[in-house]
Amino acid sequence: MRRTIAALTLDLDQERPRLLTDDVVTTLIIALEDIMTSSDGRILFSAIAVFVALGGIGVSIRGLLFDEPSFFRYGVAGVVGGVACFVWLLNSARDGNS
């Protein structure tokens, strides 16, 4: 976790501070791979995806009740994204990729 936090800090000693360099992107990818190789990380992100989907259901219902098309669209996008992430994360754990 320290790698991710350290990668997102700005180096203010330079003339022009940079946030995302190749080293930073590589560090972020390595940190995400470390999280995704453990089953605990997959379960955590799956739980977050479920709550995103539930929130999307609530937002889309609000959009339908109060005739707000943008709320409805964002709610449906939240449901689709949350369910897709949930299924992808748990299927990759079940296939033996953990």
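Results, tabulated for the structure shown:
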quantity	calculated
Single condition Gly41 does not satisfy, out of (1) at pLDDT 85 or above; (2) surrounded by 14 or more Cβ atoms within 10 Å (Cβ to Cβ); (3) within 14 Å of the chain's Cα centre (by Cα)	(1)
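Results for (1) modelled with pLDDT of 65 or more; (2) assigned by TED's automatic domain parsing to the domain that holds Cys85; (3) surrounded by 12 or more Cβ atoms within 10 Å (Cβ to Cβ), shown as yes or no for each residue.
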{"site": "Gln14", "(1), (2), (3)": "no, no, no"}
{"site": "Pro17", "(1), (2), (3)": "no, no, no"}
{"site": "Ile29", "(1), (2), (3)": "yes, no, no"}
{"site": "Arg62", "(1), (2), (3)": "yes, yes, yes"}
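The values are calculated or read from the model by the stated rules, or taken from the named source; none is laboratory data. Remember, it's a predicted structure, so these values are computed and weren't measured experimentally. Heads up, the Cβs are rebuilt from the backbone with ideal geometry, glycines too, and the neighbour counts pull from every protein chain shown.
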